[in-house]
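Here, each number is a calculation from the coordinates, and none is a lab measurement. Just so we're clear, the structure is a prediction, and the values are computed from it rather than from any experiment. So basically every Cβ, Gly included, is an ideal-geometry build from the backbone, and we count neighbours across all protein chains shown.
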Amino acid sequence: MAPADPSLMDAGAVVDLVRGDPARGLTAGEVARRLEATGPNEIAGAEPEPTWRRIVEQFRDPLSYLLFAAIVVSLAAWAVEGAAGVPFDAMVIAVIVVLNAVLGYVQQARAEHAVEALQRMSATTATVIRDGATQRVPTRDLVPGDLLLLAEGDTVAADARLLSAATLEVSEASLTGESEPVLKDARPLPAPAPLGDRLNMVFNGTAVSRGVGRAVVTTTGMGTQMGRIAGLLHATQEDPTPLQREIALVGRKLGIAVVLIAVVVMATVFLSFGVDTLDDVVTALLLGVSLAVAAVPEGLPTVLSVVLALGVQRMARHNAIVKKLSSVETLGSASVICSDKTGTLTRGEMTIGRVVTASGEVTVSGAGYRPDGRVEHDGALLEPGSALWRETAAVLGGGSLANDATLTEVDGEWTIQGDPTEAAFLVAERKLAIHQRRLDRFDRVGEIPFTSERKLMTSLEADLDRAGKLAVVTKGAPDVLLRRCAFHLVGAEVLPLDDDRRRRIVDDVERLSDQAFRTLAVAYRALETTTAPELDESLEQDLVYCGMVGILDPPRPEAAVAIAEARRAGVRVMMITGDHPRTAARIARDLGILDGAGAPAAAAVSGTELDALDEDGFRATVRRRSVYARVTPEHKLRIVDALQADGQVVAMTGDGVNDAPALKSADIGIAMGRTGTEVTKEAAKMVLADDDFATIVRAVREGRDIFDNIRKFLRYLLSSNMGEVLTVFLGVILAGVLGLSSGDGAIVLPLLATQILWINLLTDSAPALAMGVDTETEDVMNRPPRALSDRVIDARMWRGVLLIGLVMALATLATIDLYLPGGLLDGAEDLDNARTAGFTVLVLAQLFNAFNARSETGTAVHRLLANPWLWGAVGVSAALQVAVVHVPFLGRAFGTAPLSAGQWLVCVAMASSVLWVGEIRKAVLRRHDRVRAVPAPA
C-alpha cells in the first residue's frame, strides 16, 4: 500500500496512495478492515528457546563428549571388576560435567530478548485524527493511512510522511546516530537520501524534542525502519567465540589422543605381559581407563568456567557487565573496535567551543552541560571589559535570551530541558559569568518562534537598564540572519555593516563549518518604546550583528587516551556513525583515529559511497578506511562482516537501535549502559555501565590477562597430565629395565589407578584455579592481538608440554628405580615404598610445574610472590600428599607406604628437575626470540 520512497513524493500524492484523508482521517470501519489486512503495529518476536534446550546446549561441546565417554568407560571397567565399592572416578567426572553446565547456564540465563525490547521502546499510545476527531489510540492499532499528530515529548509510533511541520525537531540518535535533533520539513525531497537526511519523514521509535507536526502513516509493524532492524536481528546468527572454537579444537584433539593412548598402552601390556586370566584383563582395562582419565584434563571445563566467571566479576567492578562467559576472553583477542560516535566517543551533549566576533575569536573550554570551563583568547583568559569580551557577552547573552531551554542543577548533576543546541548557550554564558546579569536585566515580553522556513527565533525583551524599553534579540542561521542586519557590534560601538565585513563573516562561517562546527549567529535591535509592537518579521530588520558561535558534540577526553592505548596494543579503532561526514571526520581527528590534515569530509566514507562499491571494492575500503558516516544498519553489518571475513576479531560498540544488528553479528557487541537503548543492551554481549570508551580498553587488558591465564593453566594441566601418561606408558615399556616385574610374570604398574586419580584430583583443581587468577606477568598491551590462526595451544606450547611431561615421567621412574631392586640403580626397598616415592615425585613435580607454567618464556622467579592463591593451593596439595603417604587408612586406600625424611628430600630434589629444565628451555626461547627480533642487515 505504501510507496517505495514517500520522501520523494508530494504529500498529497502520498495521502492518495495510502488512501487517507488529510482533514478527517480514517473511519473506524476502515481502520478495522486495514488492521485485519496488515496486522497490528507491532514488532514480531522470535520464538523463545525452551529451557530444556538451553540446558542441553551446555553439554554440546567436544570436551563434554570426551568426559561422558570417560564416565562410560569408567563405569564399564568398574562393572567388569565386580562392581565393588563406589565408582569414584566416574562420579568425580560426572560432578565436574554437571557443575560446568550449571555455571554456564546461570551465566547465560538472561537470554536475548532484543525484539521484545524493541516493542518496549515503542509508544504505547498515539494521537490520531479519526472520523474528524482527535483521539488517543493504542500504538498497536495504527494502520497505514492514519493521520498522526505529533507534539513535543511524543514518541513517534510508526513511519510516517509529514504533511505539515512547525518548528518540528525529532531526536533520531537511537535510529540514525545523528547527534542533534533533526529539523523536519514537509516538502518533498529532490533525490533519494539516506535515512538521516529524509527531513520529511518521521520514524517509529524516535522522539519529538520540539514543535508540532501532522503526518500520514506510511508503514507499520515490521515494515517500519525499526521493524527492518528487528528482521536483521532475526537473520543475524551468532558465531562461536574464538575461545569456544579453540576449546572445541582442543577437545577433539584430546579425544583422538585419549583413544590412541589407551589402545597403545593396553596393546603394549598384552604384548609385554600376556593376558592369561580375567584379573589380567581387568588390570589392563583399568590401566586403559586410568590413562584415559589421566590424559583428559577433567578440571578444564570447570576451571575455565570459574576463571571466566571471576573475570566477569572483575570487569563488573570496572563497569563492564559481561553477559556471556566465553565473551570475556574475546575482547582480549579483539583486533578491531568499531565504535559508534554519539554518546560513545563523544559526550552526546552539544557544547559551544568557539565564539567569533568583529574583534576576534575566543575559545570556550569545558564540555557538556556542567558549566566548568574558561573563555580564552590566544591561550589567555578573556579580559573583562575589553572589546572582545563585550562582543562575546553580547553573543552568549543574546543567544540565552532568544532561547527556550533550561539548565538546572540537582545534587551536583547538571541537566537540561529543551533543545540541546539552545542549552549550549546557557552553559557558555555561565562560563563567562554573565548569566545572573542577564536574568536581572531582561524580562521576556514575547517571541517569534523558530520555524524551518525562517531558520530564526526572535525574543522581545524589556530592558530594565533602559527604563523598560524593548529590545529585539534574534538567533539563527548566519546566512539568513546576515541578510537582516544593517549594523555590527564592535566593542561598545554600533557601526554600519559594509560588504567587506559581510564577506569576512561568510568566510568565518565556512571556516568553522570546515572544522565541523554547527554555526549560529546572534543579532539585536534596541527599540525606543516600552509598548510591545505586533510580533511579526518586520521586527527582524535593521539588526545589529553581534557574532556567531561554533557548536559541537565534543569528544570524551578519556576516549583519546583509550584509543592511543588501543593502538599501542595493536587494536584498530574505527568510527561508524550515522552523523554528518564532516562532523565524524573532525571528531575522529580529535581522538586520534585519523591522522594528518586534509579535507575533513573526504576522510570519512559516506553510506552513499559504500552503496556504489562492489563487494571487492567494499572490502578494500573497509581494509583501508577507518571513519564511516551517514551509514545505515545494513552498512554496519556489512562492515562487520567484511572485517570478520578478513580474519579480524571485531568488537562493536553502540547505543542506538541502529547498532543492534551489528552488535549481535560482531564477535563481541558492547552496548552503552546509560545512553544505550534496551535493544542494544539485549543484543550485546557486554554492557558498559559508565558509557566510558576507556572501559573497553580496560576490558581488552582484562581479556588478554584472562587469555594468558587460560594458557597458563592449560600449559600446567596438559604437561602434568602428559607426565602421568608417559610415566605409566614408559613404566610398562621399560618394566624389565626398571625392575617392575613380579616373580609370576603378572602385570606390575609404576602407579596404581587410584594413585593416578588422586594426582588428578589433587593437582588439577586448586593449583589450576589459582593460576586462573594469576596476576599479569607480562605487559599484555605491548603486543599485537592474537590472530584467528593462532592456536591457544600452539606448536611451541605442545613442545613444552611434551618436554615437561617427559621430564616428570623420567624423574618419577628414576626414583622408583632408585629404591626398587633389580633395575638400573639397584635399590633395597619393596615395591610399595618405591612406588610411593615415585608417586610423590610426580605429585611434587606437578606442584613445581605450577610455577614453571606461569609463563612460556619468563623465569619462574619473576613476581614469584605475586599470587598468594597459588602458594596456598600448592601448600594445601603438598600437605594432602603428606597425609596420603603417612596416614594409615589413606595409605591402605591408595596403596602407599611411609617415606623417611631422607626419601622426602630425594623426592623434592628429583621433582625440582622440572623447574630447572623449564628454566633452561625458557632461556633458550628468550635468546631465540631476541635473535628473531633483530632486523636483518640491508
If we count other beta carbons within 10 Å of each Cβ, what is the order of Leu189, Leu847, fewest first?
Leu189, Leu847
Expected sort for 899-906, 426-433 on mean C-beta neighbours within 10 Å, highest first, is 426-433, 899-906
So, with points 7 Å from each Cα along the Cβ direction, the Leu905-Val490 label distance in nm works out to 10.0 nm
Within the range 515-543, find all residues whose amide N lies under 20 Å from a label point positioned 7 Å from the Cα of Asp440 along Cα-to-beta-carbon.
none
Let's test the formula: R0 of 51 Å, r as the Cβ-Cβ distance of Asp616 and Gln541. What FRET efficiency results, to the nearest 0.05?
0.30
Is there a quick way to get the dipole size of the range 402-441? I mean about its Cα centre, with the Cβ of Lys and Arg at +1 and of Asp and Glu at -1; what is the value in debye to the nearest 20?
320 debye
Length-normalised contact order of the range 351-552, Cα under 8 Å, at least 6 apart, in percent, tallies to 24 percent
As I understand it, the dipole of the range 351-552 uses +1 on the Cβ of Lys and Arg and -1 on the Cβ of Asp and Glu, about the Cα centre. Which of Pro384, Cys485, Ala462 lies farthest toward its positive end?
Pro384
Can you work out the base-10 log of I(q)/I(0) for the range 351-552 at q = 0.19 1/Å, using the Debye formula on its C-alpha atoms alone?
-1.49
Sequence ranges 882-895, 529-542, ranked by mean other-Cβ count within 10 angstrom, highest first:
882-895, 529-542
For the range 769-864, alpha-carbon Rg and Dmax in angstrom
18.3, 57
Could you run the Karplus curve 6.51 cos²θ - 1.76 cosθ + 1.60 with θ = phi - 60° over the range 866-879 and give me ³J(HN,Hα) per residue in whole Hz, x for Gly and Pro?
6, 10, x, 5, 5, 4, x, 5, 5, x, 5, 5, 5, 5
For the range 351-552, what is the percent of antiparallel DSSP beta bridges, rounded to the nearest 5?
95 percent
What residue among Leu610, Thr583, Ala559 has its Cα farthest toward the positive end of the dipole of the range 555-675, where the charges are +1 on Lys, Arg and -1 on Asp, Glu, each on the Cβ?
Ala559
Here is the link list: Lys323/Lys712; Lys341/Lys664; Lys475/Lys681. Which ones come out longer than 30 Å on Cα distance?
Lys475/Lys681
When all Cα-Cα pair distances of the range 870-912 are considered, the percent exceeding 13 Å is 60 percent
Label-point separation, Phe889 to Arg187 (7 Å along Cα→Cβ), nm:
9.5 nm
Cα-based Kirkwood hydrodynamic radius, the range 423-502, one decimal, Å:
14.5 Å
FRET efficiency (Asp499, Ala37; Cβ distance; R0 60 Å; to 0.05) is 0.45
Highest mean packing first, using Cβ neighbours within 10 angstrom, the peptides 381-391, 435-445 sort as 381-391, 435-445
Extension gain (nm, one decimal) between Leu925 and Glu565, 0.36 nm per residue minus Cα-Cα
126.8 nm
For Arg623 and Arg370, calculate 0.36 nm times their separation in residues minus their Cα-Cα distance, and state this gained length in nm to one decimal.
87.2 nm
Net charge dipole size for the range 351-552 [Lys, Arg +1 and Asp, Glu -1 on Cβ; Debye, nearest 20]:
180 debye
